[in-house]
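K.L.:
Just dropping this structure here.
The values are calculated or read from the model by the stated rules, or taken from the named source; none is laboratory data. Not measured: the values here are computed from a predicted model. Here the Cβ is made from the backbone with ideal geometry for all residues, glycine too, and neighbour counts use every protein chain on show. Quick note on the areas: whole protein, heavy atoms, side chains included, nothing else; ligands and nucleic acids left out. Shrake-Rupley method; radii C 1.70, N 1.55, O 1.52, S 1.80 Å.
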Amino acid sequence: MAHVGIVSAAYWGDVMPYVPIADELVRRGHRVSFCVPEGFHDVLAGHGFDLVHLGTDFSPRELAAHGDIMEKADTIRGMRAALDLWLKQLTIDPAPRILEVLDGVAPDLWLSHPTAFWLPEIPAETNGTPIAVGHLFPMMMPSAEQPPPMLPGGGMPALWPLGWRMGRAMMKRMAYDDEINRIRAERGLPPGEASAGFGFERADRVLVLTSQHYWRRPSDWADNVELTGFTVWGSPDDDLPDDLAAYVDAGEPPVVVTLGTSAATNARDGFEVAAEAITSAGHRPLLLVGNERNRAALEDRGDVWTFASLPAVLERSRAIVHAGGHGSVAAALHAGVPQLALPQGFDQVIHGQRIEALGVGASLPWKKRSAARLAEALARLDTPEVADRARALADELEHEDGPGRAADELEVLLAA
């Protein structure tokens, strides 16, 4: 059978969608080398693939020291700071170590996160190895049929092509094309364009890890682009810790609050405000706070856990409040529970708009969060119409096999 190398880093939501694909490939007899920073290794140790340290500390463990980045990322200066941290300090600066690791993996096929694509693309081009992208952000894939994220409110459809061209030009200036192309030149490769944002367009296959029931595929996407369905991660056994299971079973199903790696960093006030709103609505909160710093800050509460398998929690919950990231949205949709997004920027805002349009939840901008506004938004969720629509969409998603479809596509690429 084949050897597949998977490359990702950054937040939990950037890494976990690839785990079910890796598990499926292993189940089919393939060897998988999962190349991620060591900060992910403890949680992923129970799976059947090989874990390889990627050569960078770009993980929640490192990002916990930069809690102010996402808070300011909706401004030009804040976006510049975020890109400097994510792309320059944690990706480009350690690129020699990362490429040394990837050279040593030497798989028959690469599968990459879209932003990290330019890294495995270098050994893939050098060695003639096929490479696929598992894309998590369909709203960031250019099309004349959907608005670019940089246009507030979507703008006029006639302006969408211009907006995408402007976005590509902005990525060339802001996303370190010159430094990436210097690294490519050192390997004897020609320059790429907007590699950190649009390099995925050079992949042999682009697998959009999203359901067709959630996102309509534009007709002008390339023929090598496929929507596979969501790939929702759960722990290998999906059992809840005994103390968490006891809390869940001690009363009515709780409302889960999980703010993702980015929003949850140093976010004691965010969790407390959400818990206050949930309690005022007559429900029980269950706070998944993401790191020990938050847990220590909330140690006086009895409804706080650091981490748990989201599918296992949601199947016993009434609703979820989350940051609007891909993984949390997908888990809530598959569980059929109403959801409230508190987006800070980027794809989160568009996910919030999408769940509202589908009638399965509501969205409230992170900067407008308050107990009163959260309670009002939660009231919009707590209706039979929203609950029915969430269950109906979950029934549609049940017929999809995202990991299996993605593995099928990768095996086609291997055979070709």
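K.L.:
So, counting K/R as plus one and D/E as minus one, what does the shell of residues with Cβ under 15 Å around residue 399 add up to?
P.N.:
-3
K.L.:
Further question: Might you work out the accessible area of residue 317 for me, using a 1.4 Å probe with all protein chains in place, and round it to the nearest 10 Å²?
P.N.:
20 Å²
K.L.:
Quick one: if you take sqrt(5λ) for each eigenvalue of the C-alpha gyration tensor of region 151-262, what semi-axes come out, biggest first, whole angstrom?
P.N.:
39, 21, 17
K.L.:
Whole-Å semi-axes of the chain's equivalent ellipsoid, largest first, each the root of 5 times a Cα gyration tensor eigenvalue?
P.N.:
Here the semi-axes work out to 33, 24, 22 Å.
K.L.:
Rank 179, 38, 315 by mean-square fluctuation in a GNM of the chain with C-alpha springs under 10 angstrom and give only the top-ranked residue.
P.N.:
Per the Cα network of the chain with a 10 Å cutoff, 179 tops the list.
K.L.:
For 61, 205, what's the largest-to-smallest order of accessible area, 1.4 Å probe?
P.N.:
61, 205
K.L.:
Additional query: Could you tally up the Lys pairs in the chain with alpha carbons closer than 20 Å? Skip any pair fewer than 8 positions apart unless they're on separate chains.
P.N.:
4
K.L.:
Out of 245, 294, 378, whose Cα points farthest toward the positive end of the dipole of the chain (charges: +1 Lys, Arg; -1 Asp, Glu; placed on Cβ)?
P.N.:
Working it through, the farthest residue towards the positive pole turns out to be 378.
K.L.:
Okay, moving on. Ignoring everything but the protein chains, give the 1.4 Å probe accessible area of residue 239 in square angstrom, nearest 10.
P.N.:
Its accessible surface works out to 110 Å², give or take rounding.
K.L.:
Follow-up question, since we're still on this one. Give the relative contact order (percent, whole number) for region 189-322; include only Cα pairs under 8 Å separated by 6+ residues.
P.N.:
Relative contact order for region 189-322 comes out at 25 percent.
K.L.:
Can you give the local net charge around residue 305? Use residues other than it whose beta-carbon is closer than 13 angstrom to its beta-carbon, Lys and Arg +1, Asp and Glu -1.
P.N.:
-3
K.L.:
Please get the size of the charge dipole for the chain, origin at its Cα centre, with Cβ charges of +1 on Lys and Arg and -1 on Asp and Glu, quoted in debye to the nearest 20.
P.N.:
Using Cβ point charges on Lys, Arg, Asp and Glu, the chain gives about 1300 debye.
K.L.:
Quick one: compute the contact order of the chain, relative version, from alpha carbon pairs under 8 angstrom and 6+ residues apart, as a percent.
P.N.:
This gives 15 percent for the chain.
K.L.:
Under the definition of Cα pairs under 8 Å and six or more residues apart, what whole-number percent is the relative contact order of region 287-416?
P.N.:
It rounds to 19 percent for region 287-416.
K.L.:
Further question on the same structure: Given the protein chains as shown and a 1.4 Å probe, how many square angstrom of residue 88 are accessible, to the nearest 10?
P.N.:
Rounded to the nearest 10, the figure is 40 Å².
K.L.:
Counting only other residues whose beta carbon sits under 10 Å from that of residue 125, what net charge do I get with K and R as +1, D and E as -1?
P.N.:
+2
K.L.:
Compute, for region 148-193, the length of the dipole vector about the Cα centre, with Cβ point charges of +1 (Lys, Arg) and -1 (Asp, Glu) only. Units Debye, rounded to 20.
P.N.:
80 debye
K.L.:
Please report, in whole Å³, the volume per residue of the convex hull around the C-alpha atoms of region 280-416.
P.N.:
145 Å³
K.L.:
Once you sort the root eigenvalues of the Cα gyration tensor of region 345-397 as a ≥ b ≥ c, which label holds: rounded (a/c under 1.5), prolate (a/b larger than b/c) or oblate (the other case)?
P.N.:
Oblate is the answer for region 345-397, as a/c is 1.5 or above yet b/c matches or exceeds a/b.
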